[in-house]
Amino acid sequence: MGDAVEEFQCKSVRVNLWDYAARELPAAEHAAMDSHLDACRDCDRCLADVSSLRTGFRHMPVQPVPPLVETKLRVIASRERSRQLLLQNPGAWLRDKFGRAMMQFDNFLRPYAVPATGGLLTSCLCFSLIAQTLQLRPYLLDLDNDMPIGLYTEMTVDDVSPFDFSKQDVTMELTVDANGAVTDVTPLLQSGSQPTPEQLNLIAGWVLYSTFTPAVRAGQRVSSKRLFAIRHFDVEARQWSPTREIPAEGL
């Protein structure tokens, strides 16, 4: 029984040898261990080994902390201190959360900023390259004779031939191309009769010495047809031959 108690005491003493050598035990325990070490040679030899190890550790070269590890430790400490300070100030905590959210949103959009800017610059560059090949029709830039866009304007007579038809009434259908030139003349007579050579010469002379403005559709000059009727009236024994236009559907 005595050996068991002595073994138990030696085991408990050897467990506390490091604290005993460092003088970190309470005074009562330190005094009890002094008494035991004076009487127990085995425990005294263990104390000598512990003291030797402590002396060896004390004389070992000190390894410097790597800069990266030191930086990480400083960052962790700084974050922890900031967290503790924010918990004490609700307003600062809300501002910090809002700043973090804005930073995350900015980081989310940042990868798309460069492709979007590149696409916009590429579009502008391509447009500037093909803009030189675009051609505008001259008459679209005529400010004095502005033409409606998206509407239809019928063909009109600018100048009428000064020659009359010698008291003959004539109705004809004219086809005027996009350049204002007459491409076809069809006399319209009653009862399906054919025009006489004299009437054909009069119509040819009237068309030759008259000028026309072509029809316009959606800002573009187009070919069209129109009916013209020439009638004669006697007014105070004088003859005059006005020209009256009968509209027809444009081509």
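The values are calculated or read from the model by the stated rules, or taken from the named source; none is laboratory data. Note that this is a predicted model, so its numbers are computed, not measured. Positions of Cβ are generated from backbone atoms using ideal geometry, with glycine treated the same way; all protein chains shown enter the neighbour counts.
Exactly one condition in (1) at pLDDT 85 or above; (2) surrounded by 11 or more Cβ atoms within 10 Å (Cβ to Cβ) is not met by residue 41; state its number.
If we test residue 41 against (1) at pLDDT 85 or above; (2) surrounded by 11 or more Cβ atoms within 10 Å (Cβ to Cβ), just (2) comes out false.
Of the conditions (1) under 30 Å from residue 97 (Cα atoms); (2) surrounded by 10 or more Cβ atoms within 10 Å (Cβ to Cβ), residue 68 clears all except one; give me its number.
(2)
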